[in-house]
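Colleague: Input: one structure, supplied below.
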Amino acid sequence: MKNYIKLIRVKHWLKNFLIFLPAFFSINIFNKSYIATCSLGFLVFCFASSIIYILNDINDIEKDRLHPVKKHRPLASNRISKKQAYFIIILLIFIISMIIFFLYKNTKNIFVILIPLIYIILNIFYSKGFKNIPIIDVVILVSGFVLRVMYGGEVINVEVSKYLYLMIIFGSFYLGFGKRRNEIIKNGNKGRKVLEYYNKDFLDKNMYVCLALAIVSYTLWCVDKTTITRIGNDYLFWTIPIVMVILQLYSLNIEGNSHGDPIEVVLADKKLIIVIIIYIIVMGGLLYLL
């Protein structure tokens, strides 16, 4: 069972909590109906992302065996066979289809079907060759974060602020370029073919441009009149320094000995986790108590 959990990357399901952002920021996080619906959407993306992880592992099995960390993955280490992996994919597709059918039946929103389908198709293209095209590889990674937030809004019919979308986009580019940066530092251009086209200076410059734009976009959301009217107070700007500290701690990890994977970076730093929790508490108080 442990190997199957590693195969479907349960730890990486943390990314799918982005689906709850529209409910949280629209002050609906305690709406039982919304949370139940978002939870189903969460499962859709958990299983969809697991399908992509398995397909990538199948396609990269020989390269992973040469990687200092990835060689321990269940497929690369032969603890799970390709036949077993394909069976898991089929099972996950069946479960996703049942959940999406239920969601569409209740929402009558075609995007409930289209968004997971687009996510899977984009990542299949990524797995089949787009991951070797510079910039496009990161664009597809970014699209995954954006589609998660978009799905969270569509399943509960809540409009997401354009400023928040921009923050997610710029922040995701920062994460993606940071991951590529550290892959180059750790493995040179041996880990991925696309790394032959990147260099550390290019990635450094673009990382921090995207970081600055992410902070600016979040700031614009906090002081936007529409946001203030919806929230009912103008105190959200006090969360901007906390977001900056979160991003600075993340940057400190990226500049250190990290492999650059966002989930690994967050889970490995207790200080970063504590500040993220502080942000959630402060933002929750401003949204729900004032």
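Colleague: Provide the solvent-accessible area of PHE25, counting protein heavy atoms only and rolling a 1.4 Å probe, rounded to the nearest 10 Å².
Modeller: Looks like 20 Å² after rounding.
Colleague: Still on this model: Please work out the C-alpha center-to-center distance from the stretch 1-54 to the stretch 196-259 and express it in whole Å.
Modeller: 23
Colleague: Further question on the same structure: Using Cα positions and a limit of under 20 Å, work out the aspartates and glutamates in reach of LYS32, with same-chain residues fewer than 8 apart set aside.
Modeller: GLU154, GLU159
Colleague: Rolling a 1.4 angstrom probe over the protein heavy atoms, how many square angstrom per residue are accessible across the stretch 186-231?
Modeller: For the stretch 186-231, the solvent-accessible area averages 58 Å² per residue.
Colleague: Another question, then. Averaging the inverse of every distinct alpha carbon separation and then flipping it gives the Kirkwood radius. What is it for the stretch 117-170, in angstrom units?
Modeller: 11.9
Colleague: In the structure displayed, which of LYS71/LYS186; LYS2/LYS128; LYS71/LYS205; LYS179/LYS270; LYS82/LYS270 lie more than 26 Å apart, Cα to Cα?
Modeller: In this structure, LYS2/LYS128; LYS71/LYS205; LYS82/LYS270 lie more than 26 Å apart at Cα.
Colleague: So, one more: Report the Cα-based extents of the stretch 2-48 along its three principal axes, largest first, to the nearest Å.
Modeller: 38, 16, 16
Colleague: Starting from the residue with the highest accessible area, list MET283, MET150, MET98, MET1 in decreasing order, probe 1.4 Å.
Modeller: Sorted descending by solvent-accessible area, the residues read MET1, MET98, MET150, MET283.
Colleague: Could you give the length gained on full extension between LYS270 and LYS63, defined as 0.36 nm per residue of separation minus the Cα-Cα distance, in nm?
Modeller: Between LYS270 and LYS63, full extension yields an extra 71.3 nm.
Colleague: Roughly how many Å² is the accessible area per residue of the stretch 25-98, as a whole number, for a 1.4 Å probe?
Modeller: Heavy-atom accessible area per residue stands at 52 Å².
Colleague: Keeping all protein chains in place and using 1.4 angstrom, which order do LEU213, LEU252 fall into by accessible surface area, from largest down?
Modeller: LEU252, LEU213
Colleague: Rounded if a/c is under 1.5, else prolate if a/b is larger than b/c, else oblate: which is the stretch 32-159, with a ≥ b ≥ c the root eigenvalues of its Cα gyration tensor?
Modeller: prolate
Colleague: ARG9: accessible area at probe 1.4 Å, nearest 10 Å²?
Modeller: 30
Colleague: Could you work out the helix-only [θ] at 222 nm for the chain, with each DSSP H run of four or more residues adding -39,500 (n - 2.57) and the total divided by the number of residues, to the nearest 500 deg cm²/dmol?
Modeller: It comes out at -23500 deg cm²/dmol, rounded to the nearest 500.
Colleague: Got a sec? Charge dipole of the chain, +1 on Cβ for Lys and Arg, -1 for Asp and Glu; which of ASN253, SER77, LEU92 is way out at the positive end?
Modeller: Of the options given, the answer is SER77.
Colleague: Also: Mind checking the dipole of the stretch 166-218: about its Cα centre, +1 per Lys or Arg Cβ, -1 per Asp or Glu Cβ, Debye to the nearest 20?
Modeller: 240
Colleague: If you don't mind, another one. Percentage of Cα-Cα pair distances in the stretch 136-290 greater than 22 Å, rounded to whole percent?
Modeller: Tail of P(r) above 22 Å: 46 percent of Cα pairs.
Colleague: Ok, one more. Leaving out ligands, DNA and RNA, what percent of the accessible area of the stretch 129-228 is carbon and sulfur, probe 1.4 Å?
Modeller: The C+S portion of the solvent-accessible surface of the stretch 129-228 is 65 percent.
The values are calculated or read from the model by the stated rules, or taken from the named source; none is laboratory data. All values reported here derive from a predicted model rather than from experimental measurement. FYI the Cβ positions are ideal-geometry reconstructions off the backbone, even for glycines, and counts take in every protein chain you see. Ligands, DNA and RNA are excluded from the accessible area calculation, which covers all protein heavy atoms including side chains. Shrake-Rupley method; radii C 1.70, N 1.55, O 1.52, S 1.80 Å.
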